[in-house]
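Novice: My questions all concern the structure below.
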Amino acid sequence: MRRIISMAFIVLAATTVSQAQKQGARKIQSTPVADAIKRIDDERIQAQIHADAIALKRIYADDFIGIGPSGTVRTKPEVLSDFTSGELKFQSITTEEVRIRVYGNTAVETGRSTMVGQDKNKVVPRDNRFTRVWVKLQGHWQLVANHYSTLIAQR
């Protein structure tokens with residue numbers, strides 16, 4: 001009987017620790033800054049899909065530098081030009097496994113994205129991991145850098 005009670009206690013303790021860890025992870029992601037970054041990133045995704053130059057101009061920092069999954073490097077003027085000209089277009093972009101870590105006026109966002117689009121008439125790599133760096137400039141969060149790496153199918 002003592003053995004059964006001990007095992008029940010161990011299972012209960014492990015379940016409680018596991019639930020606490022899950023709740024702790026959620027709390028890290030649900031800060032006002034993380035929520036703000038998530039909102040602006042959702043705006044960025046919609047602006048890219050709809051080639052909204054006004055929104056893109058507001059979201060991207062003037063000194064933005066981005067590296068795409070194929071290694072293409074773009075500055076803010078190049079991003080704006082490529083989206084408004086139709087050289088770069090997306091039909092859909094989704095993200096998952098997103099983590100946002102905040103360091104004062106800087107935030108680092110990492111995750112996974114699935115993109116359907118074309119870059120200069122070539123299909124954009126669909127499944128990627130990303131890193132984005134956001135900085136609060138003049139009271140507004142702006143994207144200063146991003147980098148995508150194409151996911152290779154595991155064998």
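Novice: Among the residues of region 77-92, write down those that are of a type outside the set (S, T, N, Q), farther than 14 Å from MET115 by Cβ and in contact with a helix residue (DSSP H, G or I) (Cβ under 8 Å, 6 or more places away or on another chain).
Specialist: Across region 77-92, the qualifying residues are VAL79, LEU80, GLU87.
Novice: When the residues of region 59-69 are filtered to those that are open to solvent by less than 50 Å² (accessible area, probe 1.4 Å) and either part of a helix (DSSP H, G or I) or at pLDDT 95 or above (or both), which remaining residue is farthest from ARG126 (Cα to Cα)?
Specialist: ALA61
Novice: Which residues, counting only those in region 81-103, are open to solvent by less than 60 Å² (accessible area, probe 1.4 Å) and in a loop (DSSP other than H, G, I, E, B)?
Specialist: Result: GLY86, single match.
Novice: Name the residues in region 126-142 that are crowded, with 17+ Cβ neighbours inside 10 Å and farther than 16 Å from ILE100 by Cβ, would you?
Specialist: Within region 126-142, ASN128 is the sole residue that qualifies.
Novice: Return the residues of region 28-58 that are without any contact (Cβ under 8 Å) to a residue 60 or more places away in the chain, assigned to a helix (DSSP H, G or I), within 18 Å of GLY117 (Cβ to Cβ) and not β-branched (Val, Ile, Thr); say none if nothing qualifies.
Specialist: Of everything in region 28-58, those that are without any contact (Cβ under 8 Å) to a residue 60 or more places away in the chain, assigned to a helix (DSSP H, G or I), within 18 Å of GLY117 (Cβ to Cβ) and not β-branched (Val, Ile, Thr) turn out to be ASP42, GLU43, GLN46, ALA47, GLN48, ALA53, ALA55, LEU56.
Novice: Go over the candidates THR72, THR94 one by one and state the one that is modelled with pLDDT of 95 or more and among the hydroxyl-bearing types (Ser, Thr, Tyr).
Specialist: THR94
The values are calculated or read from the model by the stated rules, or taken from the named source; none is laboratory data. Given the structure is predicted, the values throughout are model-derived calculations rather than measurements. Because the Cβ atoms are built from the backbone with ideal geometry, glycine has one as well, and the counts that use them run over all protein chains shown. Just the protein is used for accessible areas: all its heavy atoms, side chains included, with ligands, DNA and RNA removed. Shrake-Rupley method; radii C 1.70, N 1.55, O 1.52, S 1.80 Å.
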